[in-house]
Ligand SMILES: [Zn+2]
Ligand SMILES: [Zn+2]
């Protein structure tokens, strides 16, 4: 797919135009890039249907550039700019504090073109003497670079590639070469980021089936090809292993390749303690296989219940399975609505009507519109008056729509812990998600008190993306989370699980921790465009990975009960 390539070029163009102080255009390119990077289909297909300009944020000149690239494999505007700015913006964009203008200063003064140059310049303390940098920002950059290196570049956020993975697996299924095809590995566990894709299959014609696989258009390179295992590079920039296993071992292989590693190590030890041997082919007593065709029988001969893949993190699930006390985790199909989304009124891309229509298509019973409040200026936050207008529009939609639209706000928790909108406005809302977005680099105690004050106000219903982390980009807030959980519990305020892939916040391990405080949770896609409503699935996955059951999740309630809870 060219989607990712084109999106990256547009992001680069935006960065370079920003250096040139061009107004507006950078924004337009970024918008287009965002649209393209999250398209569920190949942009080439849209181009061939002549529908490029139907896409959000893609006008005549940008669609010409796309056409140019699809036809010629290059884009003049990009190439010309790139000659002037031979900088690896793609990587620098992922490092906090390396905006295009700073990257340009580092290039001009120190010749920094890529991450190696940057590392070098920082290690030699060359950055601090540059105008506009100084000792403090040099140290900050060092820190941010380290944080970036920790999340390896090859890892992908599952939310962005899961549909692609499933389409790929489906194509294999429908090819006629395979009897069974299943996704295993961390994607099956619904881990937030994945390093590669593992697919397991059975086939009566392994050789022909591997031929089919390596010739798929998604495959951009072959690493190794064999009858039982073939590894390829996919065009989304991730490797994929396809294994063809014997029918009788399929369950054992699914178990083995789903992992995670710690979970498997513990299982193997348990097998040994029972005088058995467990591997990817089955469970053996001596040389005799006693289980392997299904995962259920593998777990059963180890005296435990089979568990959901999302739980397999060695977080107590094995012990629970041995005692028949596994949680009945909330099902994907139990989620009736989405409690966090944005429209064009703040920083979203779609209108209220378009968001509601998309929610209807997904079969949601309800959708909370939670646009930003006025204090978040960069997101065009709404004041009291604009919220009143929005509420009128919502009332009108609710008269005829199959989707119940809930009135909400993603509310700035201000520097001193006070709230960004008057109590009267907040009381008119169905859901109030208190959020930290600005001035978050406070001492731990101060920042904690700020959130505590907001929770104790009696005016917010949920704490948005509680840790504020962005994967590979920004670390969690320095908060006393135990205190936050306690205060939420005491004040009957929910915690949010934000399913936007970059956020995935609360993280699943903290969800499990927070649940122990008796907390309830709201799930939100944090969609800023209609197609991002699909991220509610990722929020649900985190809930499952955090052991939440139906009763722990507000989104599993019908809207009337959600409103009752509010009162
Ligand atoms: Zn937010
Ligand atoms: Zn949001």
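Bear in mind that the values in this text are calculations on the coordinates, not laboratory data. Treat the numbers as computed from the prediction; the structure is a model and nothing was measured. Cβ: placed from backbone, ideal geometry, glycine included. Neighbour counts: every protein chain shown.
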Please report how far the C-alpha centroid of segment 424-499 lies from that of segment 187-215, rounded to the nearest whole angstrom.
41
Ordered by packing density, taken as the mean number of other Cβ atoms within 10 Å over each peptide's residues, highest first, how do 460-471, 414-425 rank?
460-471, 414-425
Checking rank on 276-282, 225-231, with mean other Cβ inside 10 Å and highest first, the result is 276-282, 225-231
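Return a whole-number percent for the relative contact order of segment 264-322, with Cα pairs under 8 Å and 6 or more residues apart as the contact set.
Contact order relative to length: 21 percent.
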Grab the DSSP H runs of the chain that are 4 residues or longer, score each as -39,500 (n - 2.57), total them, divide by all residues and round the 222 nm result to the nearest 500 deg cm²/dmol.
-13000 deg cm²/dmol
Among rounded, prolate and oblate, which fits segment 65-162 when a ≥ b ≥ c are the square roots of the eigenvalues of its C-alpha gyration tensor, a/c under 1.5 means rounded, and a/b larger than b/c means prolate?
oblate
Would you mind ranking 312, 285, 545, 155 so that the residue whose beta carbon has the fewest other beta carbons within 10 Å leads the list?
285, 155, 312, 545
Highest average packing first - 330-339, 101-110, 314-323, Cβ atoms within 10 Å:
330-339, 101-110, 314-323
